[in-house]
Structure formats: C-alpha cells, structure tokens
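In what follows, a single structure is set out as structure tokens and then discussed.
The values are calculated or read from the model by the stated rules, or taken from the named source; none is laboratory data. Predicted, not measured: the structure shown is a model, and the values here were computed from it. For neighbour counting, all protein chains shown are included, and Cβ atoms are generated from backbone atoms with ideal geometry for every residue, glycine included.
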C-alpha cells in the first residue's frame, strides 16, 4: 500500500466519520436536552444525591448499551456491511436455509424469534416517527426560557421545521450529512464545553463515574426505580440507529466518531447538568439550558439546539430507509420506489413513500401530544422493545450461526438481558400514558408484513401449483407460432412457467422466437459480486431458456444490463445491436372478491393484499426496464 493510498483512505474514513456525526449520532447526541431533566424530575429525596445518582445512571447506561452492547458486540453481526434488525433476520434466514436443524430449539421457537425481529423492525420504524417529534419539540420549547411569549408557539414552529426536514430528504443522505456534520461537531463541542464549565465549579460530581452510586441510587428509589429507569433510557435513544445506519457509513467511521467526540461530549454534558443542579437545586427542571452562563449564550444555545434536533431526526429517518429497503428485498413488503442518492455509496437511498408516511405521522404526533414531556412516555417503550428484540436476535445469531458455546454466550446474554429487560419492564408502565402509540404503529406494520407474506405464499405456492409444469409447456411451445422477437418473461417462480407465457399460449397461440424466463431471486446478502453466482441459465429446449438472476437485498437490479452483461459468458442468446427486438412480458394479477365461505384468504385480508399488490412499485421502474418494450398481460385470480 502506498502512502498516497493510505492517506486517501484516511481522508475517506474521516469524511465518512464527519457524515456519521451529522446523521447517525443526531438522536443520541440531543438526548441531554430532555433525558436528565425528565429523569431527575421524577426522583425523590435529596436533590444533590439525585443529581449525582442520575448522572451515574446516565454514564453507565451509555457505556453498557452503546459502547459495550452495540459498538463492541451487536454491530459485529453485520450482513456484508449492512446492519439493523433485519440484517439479523437475514443472517438467521441464511442459517435456516443452510441447516434446518435448529441448535436453539424447535421450529416453533425459530418462528417466534423471526416474528420477534419483525416486531422489532416495526417498532424501530414507529420510533422513526417519534424521534423527530420529541427532538425538535424539546429544542423549540427552549425558546420559552428566553421569551415565555414565544414559548406558546413551540408546537407550530416545530411543525414548520419538521415539514422542511422531510422536504429535503430527497437530496440524499450524503449531501445532508456533509451539511449536518459540521453543525453537529459544533453541537458536541458546545455541550462538552458547557459541561466542563459547570464541572470545574463542582468537581465532586466526578464520583458519578463510580457505578455504585448508580446502583445505590436506583435501589433507594424503591418501586420508583421503574419510573426512573423509564426515563434513564432516554439517554440511549438512537443506539439502534447506529446499527441500522451501518450500511450508510460503515462500522469504522461510526466507532471513530463515537470514541473521539460523541461519547466524551455526552458524558461531560450529563456531569455538567448534575453539577449545575447541585449548585441550583430549584433549577432542576431547566438543567440543560441552566448550564449556560448568561442569556446571550442561552439564546445562541437554543438556536444551535434547534438545528441539532432537526439533525437528530435524520438518524431514524435514514435508518427507516435502510430497514424498508431490506424488507422489500426480503419480500416482507411490496416493491417500493427506491432512489439511490449517491454513486459512491450504495447504502445511501431515498424512499418517497416512507418519507411521506413518517412525516405525516410525525406531524400528527407533535400536534396531538403538544410537549416533549408528553411524548417521552410514548417514546421510551418503542426504544426498550427494539433493544430487547435486537438482543434476542443477536444471541440467536451468535449461538446458531457463529457457533458460540453457551459458556461464551452466557455472560454476554446475561449482561444484555439484565439491562434490556429492566428497561422494558420499566417502560411498560408507560403504555397507558402514550406507549400504546408505537405498539399500534408496530401492529399495523406487522399486520401488513404478515398479510403480504401470506398472500404471496398462497399466490405462488397454492394458486400457481395448478399451472402446468415446464415439460408440458415446452411441448406446447413446439407447435406455437413464433414472433420474430426476443421475449423476456419475468417470472416470480422459476419452477413453473411464467403466467404471461401460459396466457400467450392459451389465447394468442403465438410466442416470441426466443423465450427467456427470468426470475430475480433475492439472496440473504447485501450484494452479489461474483458474476458466476449472479446469473444461472438453463437451456430447456431450442430457443427456450430459464434464467435465474441472484441479487443482494441491498442492491438495485438493472435487469437489462445484467442480462446483456452476462449473455456472452453464460451463452444464452441476446441481440447485441438491435435492442428493439427485445420485448419484456409482464403479468398483472387482478384479484376477484372472495365469498365469505370460499377462497384461501378471508375477505378483509384479501382486500388489504389486493390494495398492497395494486400499489406496489411497477417492475418497469424496479428493474429498470425500457417502457416502450413492455407487454403487460392480465390474469384474474381468486385468493
């Protein structure tokens, strides 16, 4: 490796680290705005002891959850660089396909783990709507410390900011990260400076680094410890986004940003708030802005906090894009329009429908709850549920796929589950206060996934089972009239002939001169890089080919380019000069209403499946097919 190459890689890593600060760490970086305030606001006893105890709990929550759990362990469970809870699902799916004998229990238990991961992914998507609402609203509420009159307009101001935030998402994660990165660097330096300023005045709070203060304070609260933990978890919101955003920036830049800047700044800020409260016990409700030495700096801090919380929302939005794209490629949800916003980094994407849906829900939640304190109760349960389900998925991957022994896995699992279950039980008490919101959102998303998967299974496993096999179809093709074109028939089931081809044979009794049945199969890896693995072709008869195109769950498939690029090496026919001779045949399913006493699906799930099917992204866009060379054939189906 040359010095120039090494320097170039260092610059690249530094650039990605700056982008990671701007996108990945926005959520957890703005937690000090409300986490310490909400936690100490529910404490009892001496306020100075409560301040040190709260700071100690914050320090060790950040250390155990973010540093130890996610950065040192969970983020090792990447699927070829892609992270997130669905990456765990893909890893487990790969293991199940390779070895159907479970090492951690029965098939029913395996199914339960898979469903749990889907619920976790759905909770994280719901979290994506809650994060912008609570983050932006908490910062804008700071205006009230400068001008009570302006404080009355916090909700309308927050709504305007949120609308603008979702409007710029189409510019791409990379562009946003380059703009947001310097702002967040300034934010972390500012909160570290304010924390240091107050810490110098009360250095005694440094004893919060001793974990015994956290434990003693927690047990001194009695049953109130559950209430305390339900707000301490606010200090680690955004930890799941670190994992979900791995595909956008990579593990090394995220770790570099965390240890060099983000974690030290967070710890100094929590210690600074504790130091301020010990000096000014009556100002505990204003712990964050109280660190500021004067009103002029407070006003500047409010502006910077507003910018930072806008950026905080980006972590979950980009994480939601990553999760939904993985869900599409894993066929958990219908195809969606996915736009790639970077030619350098495959993971940087924009999904219009997801952006619109999260934005609308976010604005509704902001207006409905009206304050960051009210939103906190809804927020914490989603965070705790996702963290617990991620731990379950990680332990399953470590034991089943990595072959970790129980002796090696048990200490890690105990640490994870003691922390996660404590948070989960504590936040469960907040369900009636707003925690039902992420549960409802997750329930809707899981229902969509289950209905879609069930409909797809019935469509391809039961309905299409009645189609004639390939050998009979090949025999019929010998007697059919041939058209002087290359026919590419998209086929969802490689084991059966394409429905469009069967319809052509039955009605028109004419087929293209060359028939290519093409099935795109998603692999449990982000990218398929080996050309030998990417395309597999089988010659069924003269001028009849069955082609399997393998694609990773994180890559876009330009089908014409893939077929043309591999034709010469695989030796299936493909015109080199006359692209107009290629015709792509698609099948469009139309679903009849099912009687109450008939069909494979009941009426309501079938109606929902029909809506999902009709609103799925067109294969033309999804596979980059030339619109003028497409023939669509309709088929009526009763599910």
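Some points to look at:
- Residues that are outside any helix (DSSP H, G or I) and closer than 26 Å to residue 133 by Cβ do not occur anywhere in segment 464-479.
- Residue in segment 52-70 that is at positive phi and in contact (Cβ under 8 Å) with a residue 24 or more places away in the chain present: no
- Condition met for residue 427 (under 30 Å from residue 510 (Cβ atoms), modelled with pLDDT of 85 or more and surrounded by 14 or more Cβ atoms within 10 Å (Cβ to Cβ)): no
- Residue check, residue 512 modelled with pLDDT under 85, outside the structural domain of residue 89 (by TED's automatic domain parsing) and crowded, with 21+ Cβ neighbours inside 10 Å: no
- Out of 247, 238, 181, sole residue that is at positive phi and surrounded by 16 or more Cβ atoms within 10 Å (Cβ to Cβ): 238
- Residue check, residue 473 in the same structural domain as residue 222 (by TED's automatic domain parsing) and either crowded, with 21+ Cβ neighbours inside 10 Å or in contact with a helix residue (DSSP H, G or I) (Cβ under 8 Å, 6 or more places away or on another chain) (or both): no
- Any hit, segment 16-26, residues being touching a helix residue (DSSP H, G or I) at 6+ places or on another chain (Cβ under 9 Å) and at pLDDT 85 or above: yes
- For residue 444, the conditions (1) surrounded by fewer than 17 Cβ atoms within 10 Å (Cβ to Cβ); (2) over 20 Å from the mean Cα position of the chain (by Cα); (3) more than 17 Å from residue 92 (Cβ to Cβ) all hold with the exception of (2).
- Complete set of residues in segment 33-51 that are farther than 26 Å from residue 133 by Cα and touching a residue at least 40 places away in the same chain (Cβ under 8 Å): 44, 45, 47, 48, 49, 50, 51
- Residue match in segment 544-555 (condition: over 29 Å from residue 338 (Cα atoms) and modelled with pLDDT of 70 or more): yes
- Yes/no for residue 498 being buried (at least 16 other Cβ atoms within 10 Å of the Cβ), touching a strand residue (DSSP E or B) at 6+ places or on another chain (Cβ under 7 Å), closer than 30 Å to residue 605 by Cα and assigned by TED's automatic domain parsing to the domain that holds residue 548: yes
- Residue within segment 65-77 that is assigned to a helix (DSSP H, G or I) and within 18 Å of residue 522 (Cβ to Cβ) present: no
- Within segment 209-224, the only residue that satisfies the criterion of being crowded, with 17+ Cβ neighbours inside 10 Å and at pLDDT below 85 is 221.
- Members of segment 408-437 that are in a helix (DSSP H, G or I) and either touching a residue at least 60 places away in the same chain (Cβ under 8 Å) or touching a strand residue (DSSP E or B) at 6+ places or on another chain (Cβ under 7 Å) (or both): 412, 415, 416, 419, 422, 423, 425, 426, 427, 434, 437
- Of the criteria (1) in contact with a strand residue (DSSP E or B) (Cβ under 9 Å, 6 or more places away or on another chain); (2) under 30 Å from residue 449 (Cα atoms); (3) at pLDDT 70 or above, which one residue 566 fails: (2)
- The criterion of at least 2 residues that are assigned by TED's automatic domain parsing to the domain that holds residue 418, more than 20 Å from residue 22 (Cβ to Cβ) and in contact with a helix residue (DSSP H, G or I) (Cβ under 9 Å, 6 or more places away or on another chain) is met by the following helices (runs of 4 or more DSSP H) wholly inside segment 208-317: 211-220, 224-232, 263-279, 287-290.
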